[in-house]
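Since every read-out is calculated from the coordinates, none of them should be taken as a lab result. This is a predicted model, so every value here is computed, not measured.
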Amino acid sequence: MEPEASETCPYDPHHRVPLSRFQYHLASCRKKNPKKAKKMASCKYNACHVVPIKKLEEHEAACANRSPVEEEDSWSPRKVSFPSPEQNGSAPPESPWVPNPDVWNVDDTNSHPVFVLKTFVPQKLVCGKEDHLPHP
């Protein structure tokens with residue numbers, strides 16, 4: 001049986017932790033080392049990448065978990081518009097939307113709910129063997 005890959009804890013270099021336990025260890029060690037934790041920050045592309053705050057921008061620019069989707073301004077909401085009757089060449093259908101005082105997320109101009117699209121990639125939240133940080 002092959003030994004499991006391990007990673008060095010950014011809060012205590014004497015800690016070598018199996019990758020399967022690394023996220024749990026980071027949370028625990030962060031609590032036990034509050035002084036050092038104040039000087040560290042997590043990468044926005046992979047929470048297992050914890051680096052000194054001074055080096056965070058440099059790390060994120062070169063992070064192996066950065067993807068082209070995330071390079072766009074993924075935190076700004078996207079507004080989706082529906083095609084107008086002039087665009088699809090048909091008469092406007094009767095609106096299926098009935099005003100309801102309990103509905104709070106409605107755009108007053110056309111009574112359609114506002115739809116916001118954000119990028120979310122749950123696979124990026126889990127540490128894996130390919131998510132190693134280069135050792136200094």
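Quote to one decimal, in nm, the extra length available between LYS38 and ARG21 on full extension: 0.36 nm per residue of separation minus the C-alpha distance between them. Show your work: numbers first, answer last.
Values: separation 17, 0.36 × 17 = 6.12 nm, distance 2.23 nm.
Roughly 3.9 nm would be gained on extension.
What is the set of long-range amide H partners of GLU7 at a cut-off below 5 Å, with H atoms built 1.01 Å from backbone N?
VAL17, LEU19
Amide H of MET40 versus every other amide H placed in the peptide plane: which residues, excluding those fewer than 5 positions away on the same chain, fall under 5 Å?
Hits under the 5 Å cutoff: ILE53.
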